[in-house]
Each structure stands twice: as structure tokens, then as C-alpha cells.
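Taken together, the values in this text are just the output of simple stated rules run on the coordinates, not laboratory data. The structure displayed is predicted, hence computed values, not measured ones. Quick reminder, even Gly has a Cβ in these numbers, built from the backbone with ideal geometry, and neighbours come from all protein chains shown.
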Amino acid sequence: MPRVELRNVSKRFGKIVAVDTTNITIENGEYLSIVGPSGCGKTTLVKLISGVWEPTEGEILIDGKKVNKVPTEDRDLGYVFQSIALFPHMSVWENTIYSPYVKNKPEDERQRIGEDSLRLVNLLEKKGLFPSQLSGGAQQKVGLARALSSKAKLLILDEPLSALDARVRIDLRYELRRLVKRLGLTAIHVTHDQEEALSVADRTVVMRKGRIVEKGSPRQLYERPSHLFTANFVGEANFLEGNIKTKSEEWCSVELRNQQFLSVHPTNAKVGDPVVLFIRPENLRFCREFKANSLPGTVKEVQFMGSYLRYKVMLETEETALVDLQIPHERINAGERVMVEFDPIDTIMYERPPEGLREVLRLE
Ligand SMILES: Nc1ncnc2c1ncn2[C@@H]1O[C@H](COP(=O)(O)OP(=O)(O)OP(=O)(O)O)[C@@H](O)[C@H]1O
Ligand SMILES: [Mg+2]
């Protein structure tokens, strides 16, 4: 059963450091997702695990055995490539049963595996077509069926759902997770879709510039991220900059721009320290009049988001706050003055990084 371990793994292409001294262990049976901005090294990381690339430095172990020089075909893994990479001269069926075919599985087993895999992606009736006759999304599904047909215990999925419609993508990601769990596979799933990363996996890794910024359960990364970059990358985030004015055992008063104040729970930061406060839009509320822990502002924009409304509020700190509210009975329009209430339970304080907030959040 596959357990994958990376020890100080780097991959360089000339001067480009695509993966930089990375350490991670993916446990047997774990569903891991990897997110990060374009070019941060996600594909390179999974190509290293699958043996398409050999690391420039470090060791890759599968089940405790070093595999740095073991070719892909001997690593016993199913791989869905980011670029779809189907065999163009083979039909959907031939693509799907490629692995059992090269492994010389008996005819009846090939039939069963091929049918099961294609049924899963709803393409059994298209088995006679060629890749060029399919849409991008359908080709991607064949790629998935082909990887599943390998019957490998380690599944590597690089943006496996990116070419599908939003609706199908959501259905298929739950299908994928169910399947991985039912078959007891270890799965490594790369995606640029934060929601997909959080909803499909047991654990999520956030990457930036070739490095792992943070790893943890999806919930932990969303609700209590350790890094500002994660806070910003895995969902919508509001940030306010300030300095600690006073501090007691229970409370910390933070002075924001333009003499605005908020009270939050204290951390190790000391009086005078520059800090950043973070809160998700769905944790903010409007209140009618001034009360403790609310900040005045003006609604600049109201966006209809389907099940909720998103208000863009210009605060008196001259920072923008996004406030997500279930469609309220009372209309609040652009131009109106509002008070935005910050619950200290949901407001997390970070030390302000010396290089500045903007630099820490930058995607490139
Ligand atoms: N074969 C290669 N030769 C040279 N540079 C490469 C090669 N493959 C990747 N890179 C570079 O390595 C870095 C990481 O690329 P990678 O494809 O791993 O990113 P990614 O996170 O998968 O991005 P995306 O989300 O756009 O797919 C990029 O700067 C890329 O240009
Ligand atoms: Mg990629």
C-alpha cells in the first residue's frame, strides 16, 4: 500500500527552481490536494513523484524504498496529466484499457475494468469514438478512466477536472473521493480551484514559489490558517493593518488606520507591534448603530452571488471589507453608511511581516 515520502526534494530547470527543498509524507490511504498559484511548482512536484522527472536533489520514497531512478512504468501508479495526453490513434475503449492490456490481463478482466471505469465517468456509450471526436471535458474523463483502469493503488491527478462544466466538476469530485476511499487508494490531486482542493481532500497543501507554505486539514487551512498567504489563497479574505495599543490577559486592543480600534484575542505579539487582522466575509455582519468592535464605512457595491449578497464596504480605515450576507429582508444599497461588526472569535491576528502585507500575499 503506497506511502509517499519526499525528503528535501528540489527540481531545477537551469536557473528556475521549480520545487525547492520540499519535505512531505503522504500517508497510505490519504487523499491529499495541492493548491497554489500558476507556476508555483505543483505539476513539477507530481511529475517528480510519478517519475517523469528525477529530482535535482533529495530523495523520493514509495513504501520506504528510494525510487529516484525508478521509471514511471515501474512505480505502479495511475496518472492523469494536466494536458490530457490521450493516445490520438486509439479509441476511447483502447485508451481506457491501455494499462490492463499492456499488463496482459485476461480478456474478461480487461472488459470488466474498462466497463467499470467508463461507466464511472459516464462514457461507456462513447467507447468507439476517438479523442478528436470528443469535447475537452469528455477527453479529460477518458484520461481519468484510463488512470483508474491501471488499478494502481497510487493515483496522481493533475487538474483532472479543469476542462469540465462547473456542475459536472462538482459531481465528479465527490465521485472521485468516494471511489478513492472505497478502493483504499492514496490520491494526490493538484488543482488551482481552492474550493475543489478543500472539498475533495483529507489534507491540503498550499504551495508558493516552489515551496510548501502550509499543510493541514481543509477546515484548519480555511478557518485558522497559520500564514497570511494561505488565508488569502484558500478563500475570500479581509485584512486590516494596525498596531497593538494595549494588551491584557483576555484582550488586545488594535489601533487601525485613522484612529479606528478593534479588540481581539491576544497572541504573543507585544504592545506596539505591527499586526494584521484577518476575517472571512461570511463572519462579518452589519449592525444598526455604533457598538464595541464595529467599524463605520460606506457600501460601495452590492453583488448578487446566488444564495447570498456580497457587500463591498469602504471602511474609515481606508481599507475595503467584503461582507457576505444571506439575502436579508432589509435592503442595503450602495452609498449607504453602515457599521460592520467584527466578532473577536472569528478575527485572527498575525504579526505584520516586515516585507509588508502586499508582498506576502503576492501570487507570483
Ligand atoms: N520542462 C521544463 N523546463 C523548464 N522550466 C520548466 C519546465 N517545467 C516547468 N518549468 C518551470 O517550473 C515552474 C513550475 O512549473 P509547474 O508546471 O510545476 O507549475 P504549476 O504550479 O503546475 O503551474 P500551473 O498551475 O500553471 O499548471 C515554472 O516556472 C515553469 O515555467
Ligand atoms: Mg500545472
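What to note about this one:
- Shape category assigned to the range 68-108 from the gyration tensor of Cα positions, a/c cut at 1.5: oblate
- Coordinate range of the alpha-carbon atoms in the range 236-361 per principal axis, descending: 42, 32, 24 Å.
- In terms of the mean number of neighbouring beta-carbon atoms within 10 Å, the peptides 275-282, 122-129 order highest first as 275-282, 122-129.
- Choice from Leu45, Leu86, Leu157 with maximal GNM fluctuation in the chain (Cα, 10 Å cutoff): Leu86
- Dividing the alpha-carbon radius of gyration of the range 179-264 by the rule-of-thumb value 2.2 N^0.38 Å gives 1.48.
- Fewest-first ordering of Ile97, Ile24 by other beta carbons within 10 Å of each residue's beta carbon gives Ile24, Ile97.
- Per-residue packing, averaged as other Cβ atoms within 10 Å, sorts the ranges 285-293, 266-274, 334-342 into the order 334-342, 266-274, 285-293, beginning with the highest.
- Highest-MSF residue in the chain out of Arg331, Arg224, Arg177 [GNM, Cα springs under 10 Å]: Arg331
- Computed over the alpha carbons of the range 48-172, Rg followed by Dmax gives 15.2, 46 Å.
- On a per residue basis, the convex hull of the C-alpha atoms belonging to the range 262-307 measures out at 135 Å³.
- Separation between Cα centres of the range 293-314 and the range 104-118, rounded to whole Å: 54 Å
- A Cβ-based charge dipole, computed about the Cα centre of the chain with Lys and Arg at +1 and Asp and Glu at -1, lands at about 840 debye.
- Glu159 long-range amide H proximity, modeled H, under 5 Å: Val190, Thr191
- Positive-end residue of Thr246, Phe342, Ser226, charge dipole of the range 206-364 with Cβ unit charges: Ser226
- Checking the Cα-Cα distances for Lys209/Lys247; Lys11/Lys105; Lys105/Lys141; Lys245/Lys291; Lys126/Lys151; Lys15/Lys66 against a 31 Å cut-off, the pairs over it are Lys209/Lys247; Lys11/Lys105.
- Couplings 3J(HN,Hα) for the range 281-294, derived from phi with the Karplus relation 6.51 cos²θ - 1.76 cosθ + 1.60 (θ = phi - 60°), are x, 6, 9, 9, 9, 9, 10, 5, 10, 4, 9, 4, 6, 10 Hz, where x marks Gly and Pro.
- Rh (Kirkwood; distinct C-alpha pairs) - the chain, Å: 23.0 Å
- Most to least packed among 107-113, 215-221 [average Cβ atoms within 10 Å]: 215-221, 107-113
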